[in-house]
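First the structure, in the form of structure tokens, and then the observations on it.
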Amino acid sequence: MKVLLDECLPKKLKREITGHEVVTVPEQGWASKKNGKLLGLAKTIPRITLP
């Protein structure tokens, strides 16, 4: 599973999540995007499951 960490979460959390591919919002180039826009962008990433 691919996990997308929001920029409000500590970067250290990425190392704590094992067994999954973890990317951060800034790594995707999406820093400072509003939540609605961010959700739309996240839906374009294969293997990310959104509720």
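Our estimate of slack between Lys11 and Lys33, defined as 0.36 nm per intervening residue step minus the Cα-Cα distance, is 6.2 nm.
Counted over the chain with a bin width of 10 Å, the fraction of Cα pairs per bin, in whole percents, is 24, 60, 16. Per residue, how large is the accessible surface of the chain? Use a 1.4 angstrom probe and give square angstrom. Ligands and nucleic acids excluded, the figure is 76 Å² per residue. Backbone amide hydrogens, once placed in the peptide plane, bring Leu5 within less than 5 Å of Val23, Thr24, Val25, excluding anything fewer than 5 places away on its chain. For the chain, the tally of Lys pairs with Cα-Cα distances below 15 Å comes to 4, considering only residues 8 or more apart or on different chains. Of the trypsin sites (Lys or Arg not before Pro) found in the chain, those in coil by DSSP whose Cβ has at most 12 other Cβ atoms within 10 Å are Lys11, Lys12, Lys34, Lys43, Arg47. Computed in the context of the full set of protein chains, the accessible area of the chain at 1.4 Å probe radius has 55% of its extent on carbon or sulfur.
The values are calculated or read from the model by the stated rules, or taken from the named source; none is laboratory data. On a predicted model such as this, the values are computed, not experimentally measured, just so you know. Methodologically, a virtual Cβ is constructed for each residue, glycine included, from the backbone with ideal geometry; neighbour enumeration extends over all protein chains shown. Note: areas computed on protein heavy atoms with side chains; ligands, DNA, RNA excluded. Shrake-Rupley method; radii C 1.70, N 1.55, O 1.52, S 1.80 Å.
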